[in-house]
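The values are calculated or read from the model by the stated rules, or taken from the named source; none is laboratory data. Treat the numbers as computed from the prediction; the structure is a model and nothing was measured. We place every Cβ from the backbone using ideal geometry, glycine too, and count neighbours over all the protein chains shown.
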Ligand SMILES: Cc1cc2nc3c(=O)[nH]c(=O)nc-3n(C[C@H](O)[C@H](O)[C@H](O)COP(=O)(O)OP(=O)(O)OC[C@H]3O[C@@H](n4cnc5c(N)ncnc54)[C@H](O)[C@@H]3O)c2cc1C
């Protein structure tokens, strides 16, 4: 049965070797600090079994014809891309944050395109290796991190120019049975509770960078892999428990300390001409996924803004409506860009559907430009209380609770507990370490803003627009298009 349950996933994690470092100690995947992130991933197993989401959280494998978790699927059609985007929006609404499992999904999609192209160009057998891996990935309903972002050292130098060659992950040895790799990737989401790490290059390479043009997949507890992890979640609650606080995120520095990778897990080995193609394609799939998750982030912030405005009695005031409309426009424009990207997708040689480059990048860029504005709107409408809200204990201690319940009141028909819960949610959402991670993720996740600008600049048809102006100015006879 290719569809696994949350318990089966948890059992797999239990079997893995402890190679995670948090808070000064080496820990296993049962460490409670990882649990909020693991809860997010459990949701993706749980809801795939929910009949309500049949065909949305699930897909049909193009390899086996079996029903699989959509996060293990390689997109075959525009409809698949749309469903992935829609699925991600629903999951991020359910958990109030990043669903994380898209990383591996976006990586297998990019690899399904590039391994095929590599074989066409070089007569290699990467695509067969990839399909073997994909079958195993789907049959076992695996979770993968995508380790793309190298630590990169001096940002303006290429891998081979760095003072330390390990600042980009590289091949240090080629053996008859596989390769040995060394280096580090950073910021890697879900790595600490993923089954597999899928490694892809972070940038285009030159001939001299061939040793750094490498892609592979390995179990996350492979000998020599160390995951130095920062796990973040909302402050745990004692009494006023809420779904938002059950979830969290873990991001890791992934160290490859002379790690052996068998040949059947190697998907690129020195073909430097395709490093940029693979880097850009993973980023493209991931930015398309962002067109699903970022609108959900806005949905969650917008929901909180509406709720607090309602409790404050200001919901129908014109300046409030305007700010709410601002947020709705951001969410839906980003989502619409993802829909357009899916509708204008193209088939690669392997049959995989590739989202449209321009629309996915425009969507991701638009989301990034507005991220702090969204937090600004929630803060504006909530007032200062998210920042100064007394700790939960003071709402439990009867000596102080009676005062807080009296003086936290807004509209007389809204009970004090609802007002308290609303402000505690907003405090977690905009005024916590957890909020800080998502703000920076909103800027850099999926690539820094300049990367989306470069992608648009390279793929947008500016020449066509010039021809339109020439036509209208009377210097060109034919209307272009
Ligand atoms: C919460 C979070 C989760 C993430 N998850 C993942 C993940 O799961 N997997 C993954 O692979 N990555 C992940 N990332 C990494 C993300 O893709 C990177 O943060 C992003 O690509 C920027 O890289 P950087 O952090 O190294 O910043 P830098 O590249 O150092 O960027 C800093 C600034 O320098 C500029 N800059 C960089 N290089 C140059 C240059 N050559 N010339 C001029 N300017 C330059 C950039 O434009 C930017 O303004 C995650 C990031 C965050 C914040």
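Answer with yes or no whether residue 223 is farther than 27 Å from residue 154 by Cβ, at pLDDT 95 or above and surrounded by fewer than 19 Cβ atoms within 10 Å (Cβ to Cβ). The answer is yes for residue 223. Residues in the stretch 105-118: is at least one outside any helix (DSSP H, G or I), crowded, with 24+ Cβ neighbours inside 10 Å and within 12 Å of the ligand (Cβ to nearest atom)? Within the stretch 105-118 (the criterion being outside any helix (DSSP H, G or I), crowded, with 24+ Cβ neighbours inside 10 Å and within 12 Å of the ligand (Cβ to nearest atom)), the answer is no, since none of the residues qualifies. Residues in the stretch 332-358 that are without any contact (Cβ under 8 Å) to a residue 40 or more places away in the chain and surrounded by 22 or more Cβ atoms within 10 Å (Cβ to Cβ): 356 alone. Only one of the numbered conditions (1) part of a helix (DSSP H, G or I); (2) under 30 Å from residue 243 (Cβ atoms); (3) touching a residue at least 12 places away in the same chain (Cβ under 8 Å); (4) away from the ligand (no atom under 16 Å from the Cβ) is not met by residue 402, and that is (3). Can you find, within the stretch 420-460, the residue that is surrounded by the most Cβ atoms within 10 Å (Cβ to Cβ) among those that are more than 7 Å from the ligand (Cβ to nearest atom) and outside any helix (DSSP H, G or I)? This residue is 431.
Taking the condition of being more than 18 Å from the chain's Cα centre (by Cα) and under 20 Å from residue 447 (Cα atoms), how many residues in the stretch 337-358 meet it? Selection size over the stretch 337-358: 2.
Listed here are the residues, each with its yes/no results for (1) surrounded by 21 or more Cβ atoms within 10 Å (Cβ to Cβ); (2) part of a helix (DSSP H, G or I); (3) away from the ligand (no atom under 13 Å from the Cβ).
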{"site": "198", "(1), (2), (3)": "yes, no, no"}
{"site": "215", "(1), (2), (3)": "yes, no, no"}
{"site": "228", "(1), (2), (3)": "no, no, yes"}
{"site": "234", "(1), (2), (3)": "yes, no, yes"}
{"site": "237", "(1), (2), (3)": "no, no, yes"}
{"site": "259", "(1), (2), (3)": "yes, no, yes"}
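Looking at the stretch 10-71, the strands (runs of 3 or more DSSP E) lying wholly inside it that each contain 1 or more residues that are over 19 Å from residue 84 (Cα atoms) and either in contact with a helix residue (DSSP H, G or I) (Cβ under 9 Å, 6 or more places away or on another chain) or not assigned by TED's automatic domain parsing to the domain that holds residue 87 (or both) sit at 20-22, 25-27. Given the structure, is residue 152 under 22 Å from residue 257 (Cβ atoms) and part of a loop (DSSP other than H, G, I, E, B)? When the stated conditions are applied, residue 152 passes them. Report yes if residue 97 is assigned to a loop (DSSP other than H, G, I, E, B), within 16 Å of the ligand (Cβ to nearest atom) and in contact with a helix residue (DSSP H, G or I) (Cβ under 6 Å, 6 or more places away or on another chain), otherwise no. Judged against the criteria, residue 97 is not a match. Only one of 248, 303, 313 is free of Cβ contacts under 8 Å to residues at least 12 places away in the same chain and either in contact with a helix residue (DSSP H, G or I) (Cβ under 8 Å, 6 or more places away or on another chain) or outside the structural domain of residue 148 (by TED's automatic domain parsing) (or both). Can you tell me which? Unique residue meeting the criteria: 303.
When 324, 278, 302, 307 are screened for being in contact with a strand residue (DSSP E or B) (Cβ under 8 Å, 6 or more places away or on another chain), modelled with pLDDT of 95 or more and in a helix (DSSP H, G or I), only 278 passes.
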